[in-house]
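The block underneath contains the structure these notes are about, expressed in structure tokens.
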Amino acid sequence: MPTKRPIFLYSVLAVLFAVNLLYRVFYLPDFIHHEVLSFPFFFVESGSNGIDQATPKAAGFGIHNADQLIAVNGTAYTGTGVLGRALTKAEAGTSLVVTIVPAHAPASGQRTISLPVTKSKFESWDVVADFVVGFLLPAVSLLLGFWVAFRRPRDPLAWLLLALMLSFPHILQTFVVYGWPPGWREAGVLYESTLLAAFPIIIYLFGRFFPEPFSQGSRYDKMWRTMQWLCALPFAILAGFGVIVNVGGLSDYRSVAGLHHALARLNPVEQVLSFVLIGSFFAAMAIKLGLSQSPDARRRLRFLYWGAIAAFTPAIVPTLYARLQGKSPDEIFPAWFMAIIVIPLVLFPLTLSYVIVVQKAMGVGVALRQGLQYTLARGGIRILQMIAILTVIIAGTTMAGNANHDRPQKTIVILVGITAYFTIRRLGDGLRTWVDRRFFRENYNAEHVLTELSEEVRSIVEPRSLLETMAGRISETLHVPQVAILLSGGGFYQPAFAMGYASLPTVAFPSKTGTAMVLKSQKEPARVFLNDRDSWVHRDQTIGDEERRKLATLQSELLLPLAVRDKLLGFISLGPKRSEEPYTGSDVRLLKSVAAQTGLALENANLLQTVAEEVAKRERLNREVEIAREVQERLFPQKLPVIAGLDYAGHCRPALGVGGDYYDFLALPQGNLGIAIGDVSGKGIAAALMMASLQASLRSEATRAPENLAAAVANVNRLVYEASASNRYATFFYGQYDPAQGKFDFVNAGHNPPMLFHQADGGRVTRLEPGGTVIGLIENVHYQQGSVRISPGDLLVAFTDGISEAMNLEDEEWGEDRLLDSIRGCPAKTAQDLLEYVFAAATHFAGAAPQHDDMTLVVLRAFAPQS
């Protein structure tokens, strides 16, 4: 049984999520309000009234760094909350009136300055930067952090990642919360300042413990432990006092002025400690990358290292350059450049989440290639091409319309624009071709081969050949050295065929517990991660160490169930790829289809082999017929799926021990039901074998839940044609009922048209005729798909000609008119009762005459589901 869910941890996560969501709900509107206004910006140090961060625009109005702020809008300045509140209440068209004492001339006394507040003139790059800083980066960080923690609540690294994701957006500090009402602003500044101060410590811890700590007692372990006391602890103390200054300075800066001045003297030390802690993260990644023995750990470290480099480098380099110039980055670089350098920061939370959650990491090159495929394969190149063309058109139109240019210059601009248009188109087409050849060929080939294999295995009836073909093709296509196929026998699943091992592995998995039950219940491929304590191989208590050792012996990385209906015939174990890449979603989807078709083919092969072996042992025809009858009985539905709002039944009464009539009910996804009825030409064992082929072909198509039934029946026709003699064919009717919509789609392949009785229309009968010719007679046939609505109270009756053509001793047929009358005159209320009533009526009419043909009847009655 699975282990209990950590309810307490989930509750803590829910509370944290609610707190962060509340913060963002308050924060975002005020952030937008600040961004739509423009004024000569400056701010004040938390523990004093000294002006800090005065922009050149503020300097133009006479406000400089180190000036003392005395009042704001007539209110005495007592703390940063006074200025923050005034900025929050400011509206376009008003002024912010400040009283200052100039630092360069304090003797001159106080000066009152009016700063105009206007609407911001937004450029497109300003919008991009605001969107990234105010919404995208916080949203991505928080959602990914909580998603990882909810997925792996017992993993300490997941909680460390959550803390990192909470603090990371605050490295781009804003002053929005300083304008919140008293009480709320203290809570907001405490929250914001604490997370900002904690970022260097958290990233230090992450570098130290991801993906695992340094070996205990090693020199690197000692270095990072020393750093804990010499750097992390002093920084935490200084940062903690800084948080006190920020919160206390909101309403009364004098109360924390002494602490502020002491911290100001230690600020260089704090900056150095911060730099060392953040740098230790990159150093730890580089060192562990060189020391790691695990290929997967190396891939994670390499992925994280380069992801962090790509995220931070565009922002760090310009920032350091600006610091060396003694200016802020936005004083040196244009708005579009500042917007571009903050966008890559989103890569950092994405990279961190990936390396924590993924159970087997891809290499950096593989991730880049697949990312390129995902982006470009869906028209990304065409989008880039359109953007480039649009840019050329806008630039050309602007330049051509410039009054400073004469006519020859404008003509040249237009010609250059036209040339650029066609050049970009040609380059885009060439780039798409190159990408297809360079990146997509292997994936295309793999998909093509596996799709062909899925079709091919259905026609192989010899089990050994089937297993060899399937295993060899998978190994060759996906570059998987170890492939083992385990089949059921004697209460265990044991290897029936294997490749890539020194000898056939001697492992056996019990059929009633552990791995086999997981595959049987899930009916889906299962990834195997023996090193992950949260993986199903550790969570399921029926799987012990012995079974995990067996999976390790097989080097299993992916298990594919070979299942038919509720029966698990066996499973395929795939080892790691030669490239050590994980199996992609596309790989798993294609392999699932191959396994499904292999299971059907294996069941069909086993069934045919069983029939052949049993028939060979019996000398008398009645024994052969008895065996075939038992086999055929197993082919008919043994258990009817429960479908909301539908009462249905079916029955086949063969004329001999075995027959050629066929009906089936198939449980489809989303609660839908597949209904099939058919009549194979001839009787006896030959007809029964063709019926088995028809059923296997239909189920292989129905497992895909096709919407295009005409194409599905055409495929069934082709498969039956290939598997049957030239003089064999079958009439066939197949439909799919959607109870949610009351919709019934169908294809009639030369079968007696079923009758649909409409209760709301006085019992009017609709015959379901659209379709085409019989199946198995002509190789390629196109069919027409029909569709009707089945409302509550309606009745659908499908039958073979053995019902309507039942004959009495006078060779008189019962006929469809008598069939209609018996249905309309039946007092029965259930589908089973009606079925029995019709059979009884036909039998009564035939009297003592022998049954000359198989008789099959399917009844469906719709009703309104009980609420």
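Put a plus charge on the Cβ of each Lys and Arg, a minus charge on the Cβ of each Asp and Glu, and nothing anywhere else: the dipole of the stretch 1-147 about its Cα centre is then about 400 debye. Under the classification rounded if a/c is under 1.5, otherwise prolate if a/b is larger than b/c and oblate if not, where does the stretch 712-825 fall, given a ≥ b ≥ c as square roots of the Cα gyration tensor eigenvalues? Judged from the Cα gyration tensor, the stretch 712-825 comes out oblate (a/c at least 1.5, b/c at or above a/b). Here the Karplus curve 6.51 cos²θ - 1.76 cosθ + 1.60, taken at θ = phi - 60°, turns the phi angles of the stretch 504-518 into couplings of 4, x, 9, 10, 9, 10, x, 7, 9, 9, x, 4, 4, 5, 4 Hz, with x standing for Gly and Pro. Across His852, His538, His170, the residue with the most accessible area heads the list, and the full order at a 1.4 Å probe is His852, His538, His170.
Extension gain, His844 to Arg549, is 99.7 nm, computed as 0.36 nm per intervening residue step minus the present C-alpha separation.
Using alpha carbons only, how many angstrom separate the centre of the stretch 689-754 from the centre of the stretch 79-144? Distance between centres, Cα-based: 71 Å. On the beta carbon distance between Arg539 and Lys512, with R0 = 25 Å, the FRET formula returns roughly 0.85.
Under 5 Å from the amide H of Tyr493 lie the amide H atoms of Phe509, Ser511, each residue being 5 or more positions distant or on a separate chain, with H modelled from the backbone and absent for Pro and chain starts. Rolling a 1.4 Å probe across all protein chains gives Cys652 an accessible area of roughly 20 Å². Spin-label model, Arg824 to Glu630: label points 7 Å out along the Cα-to-beta-carbon direction sit 4.6 nm apart. Once backbone amide H atoms are built at 1.01 Å from N, Ala849 has Leu809 as its partners under 5 Å, excluding neighbours fewer than 5 places away on the same chain. If you take the beta carbon distance between Lys577 and Asp532 as r and set R0 to 22 Å, what does 1/(1 + (r/R0)^6) give as a FRET efficiency, to the nearest 0.05? Efficiency computed from Cβ-Cβ geometry: 0.75. Solvent-accessible surface (1.4 Å probe) assigned to Val564 amounts to roughly 20 Å².
Each label was represented as a point 7 Å from its Cα along the Cα-to-Cβ direction; for Phe282 and Arg589 these points are 3.9 nm apart. Pairs from the list Lys288/Lys577; Lys639/Lys683; Lys520/Lys829; Lys222/Lys327; Lys288/Lys520; Lys577/Lys639 with a Cα-Cα gap above 30 Å: Lys520/Lys829; Lys222/Lys327; Lys288/Lys520; Lys577/Lys639. Ordering Met755, Met227, Met499 by accessible surface, largest first, gives Met499, Met227, Met755; the 1.4 Å probe counts only protein heavy atoms, with every chain in place.
In nm, give the distance between the simple-model label positions of Ala725 and Val101, each being 7 Å from the Cα along the Cα-to-Cβ direction. Modelled inter-label distance: 11.4 nm.
The values are calculated or read from the model by the stated rules, or taken from the named source; none is laboratory data. On a predicted model such as this, the values are computed, not experimentally measured, just so you know. When we count neighbours, we look across all protein chains shown, and the Cβ atoms used for this are built from the backbone with ideal geometry, even at glycine. Side chains are part of the model used for accessible areas, which takes the heavy atoms of the whole protein and leaves out ligands, DNA and RNA. Shrake-Rupley method; radii C 1.70, N 1.55, O 1.52, S 1.80 Å.
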